[in-house]
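I have placed the structure first, in the form of structure tokens, so that the comments after it can refer back to it.
The values are calculated or read from the model by the stated rules, or taken from the named source; none is laboratory data. Note that the coordinates shown come from a computational prediction; the quantities given were computed from them, not determined experimentally. FYI the Cβ positions are ideal-geometry reconstructions off the backbone, even for glycines, and counts take in every protein chain you see.
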Amino acid sequence: MTNETWGQVREELIKRVGKNNYTTWIEPLKLSHLKNGVARFEVPTIFFGDWVQRNYADHIRTQLTSAGALVDRVEFAVGTAAAEARPAIAAAALKPAAKAARTRASDEELPGAPLDARFTFDSFVVGKPNELAHAAARRVAEGGPVTFNPLFLYGGVGLGKTHLMHAIAHELQSRRPELRVLYLSAEQFMYRFVQALRDRQVMDFKELFRSVDVLMVDDVQFIAGKDSTQEEFFHTFNALVDANKQIVISADRAPGEIKDLEDRIKSRLQCGLVVDLHPTDYELRLGILQQKVDFYRSQYKGLVLADGVLEFLAHRITTNVRVLEGALTRLFAFASLVGREITLDLAQDCLADILRSSDRKLSIEEIQRKVAEHYNIRLSDMIGPKRLRNIARPRQVAMYLSKQLTPRSLPEIGRRFGGRDHTTIMHGVRKIEELMTIDSQLADDLQLLRRLLQG
Ligand code: ADP
Ligand code: MG
């Protein structure tokens, strides 16, 4: 692609992101490289790059693609020196096989998805919620004899599945460069399979996938319900397991819980080691923030970060590490643009939208579940009709917390407590407020529950 095309793309981007954003964030970008599906731009600062990556990379990629440039990934680097120091792309994982006579072009060039150079074991912060997944990933990354197959990592969005998979690939590339490691998303697997069908190159496809030493497929839930892709995946999977090749799979839930996934695939997926990444806890979130800040500090000497800001973020943004990192990046970008110290006030202003939507995440169901667990009663009793004190009281606690911790109205809360009237909820909330002041055990319970629920 030429700079002319980039010129057209820029026109289109103005329409998409608005003139102001365009002038601030896109105009300064310099296209420095476009090869192998990667478009690299030079940016003035690291913050700038992070910001554009998070907010505009998708727009840019989409526009480049519709202008006819095949771009899988857009990356941003500070000057050329920085680009070399931190290659955001590791070599596409698949190395050409020993030159067998029959190798076809497609055999050699079918690369895996690019690896993000930032996703290494070094940059992965280990805490209670992910220690098992981390240990298992480390083990696979040693490249020793296959002990469990597949390694199946699962967990909610933004908890580090992709990060761990890339880390395995990086590590294997440096420890065991002779191994053919292929990393790709399930979506790409399907895409390539469909392409192979269309081009009548299914045999090549099969051979290629059977010739790898380590196969990593990310977000495998994607192929649920896609019958012929599942079928092909199943065969690939079996062939590799039979040949004692390592497979690493990720998904957003446990194998048994993926709807529309064939039972035989589920059971094969369960044969290896299945580990979940639990939702982050406060300590882990703080650790991740600290690591990120250390990195920023080394880039930007002048930044002043007030005490308590990281703690505040770790406390308030509880679901997704990507959102947490995004918040920090935005905060730093903003502070450095306006030349201000990063204080709690600034954080509250600058991140109001994230903080608000992060609050909304806590559902009444979660509250009911935690409270039921805490008092050792059944979840169904939360919504059921029982009036016994040892059930009614926890139920009122859950009503109270629902009122306190979610933006739901009393009638809405009532509906989620088995269709109770809003006056019943109000009564429950008042009751707890009243008891709290005289019953210190209850007050303690509430404090603990609140902490558990808010992370
Ligand atoms: P998933 O694939 O589970 O949705 P990702 O691996 O893409 O999540 O992680 C989302 C973001 O959070 C990435 O930028 C990743 O580096 C970061 N992240 C997640 N967990 C950790 C961790 N334990 N330490 C450092 N960064 C993390
Ligand atoms: Mg992922």
Can you name every residue in segment 439-455 that is of a type in the set (Gly, Ala, Ser) and either in contact with a His (Cβ under 6 Å, 6 or more places away or on another chain) or over 15 Å from residue 400 (Cα atoms) (or both)? 440, 455
Number of positions in segment 209-262 that are more than 22 Å from residue 139 (Cα to Cα), among the β-branched types (Val, Ile, Thr) and surrounded by fewer than 23 Cβ atoms within 10 Å (Cβ to Cβ): 3
Name the one entry in 194, 146, 125 that is modelled with pLDDT of 95 or more and touching a helix residue (DSSP H, G or I) at 6+ places or on another chain (Cβ under 9 Å). 125
Could you grab me the full set of residues in segment 278-301 that are hydrophobic (A, V, I, L, M, F, W, C) and modelled with pLDDT under 90? 295
Checked segment 331-369 for anything among the charged types (D, E, K, R) and either at pLDDT 90 or above or under 17 Å from residue 302 (Cβ atoms) (or both); matches are 340, 341, 345, 349, 365, 366, 369
Taking helices (runs of 4 or more DSSP H) that do not extend beyond segment 348-455, which have at least 2 residues that are under 26 Å from residue 321 (Cα atoms)? 352-360, 364-375, 389-405, 440-454
Selected residue (only one of 212, 194, 202 is touching a Lys or Arg at 6+ places or on another chain (Cβ under 6 Å), assigned by TED's automatic domain parsing to the domain that holds residue 148 and more than 16 Å from ligand 1 (Cβ to nearest atom)): 212
Being touching a residue at least 60 places away in the same chain (Cβ under 8 Å) and not hydrophobic (A, V, I, L, M, F, W, C): is that true of residue 431 here? no
For segment 288-309 the number of residues that are in a helix (DSSP H, G or I) and surrounded by 12 or more Cβ atoms within 10 Å (Cβ to Cβ) is 11
Looking at (1) surrounded by fewer than 19 Cβ atoms within 10 Å (Cβ to Cβ); (2) within 13 Å of ligand 1 (Cβ to nearest atom), can you tell me which one residue 179 breaks? (2)
Here are some residues: 276, 349, 353. Which one is of a type in the set (Asp, Glu) and within 12 Å of ligand 1 (Cβ to nearest atom)? 276
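Rundown of residues vs (1) more than 16 Å from ligand 2 (Cβ to nearest atom); (2) within 17 Å of the chain's Cα centre (by Cα), yes/no style:
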position: 150; (1), (2): yes, no
position: 161; (1), (2): no, yes
position: 169; (1), (2): no, no
position: 179; (1), (2): yes, no
position: 186; (1), (2): no, yes
position: 198; (1), (2): yes, no
position: 201; (1), (2): yes, no
position: 205; (1), (2): yes, no
position: 216; (1), (2): no, yes
Residue set 241, 275; condition modelled with pLDDT of 90 or more and closer than 23 Å to residue 322 by Cα; output residue 275
Taking the criterion of being more than 13 Å from ligand 1 (Cβ to nearest atom) and at pLDDT 95 or above, would at least one residue in segment 258-270 satisfy it? no
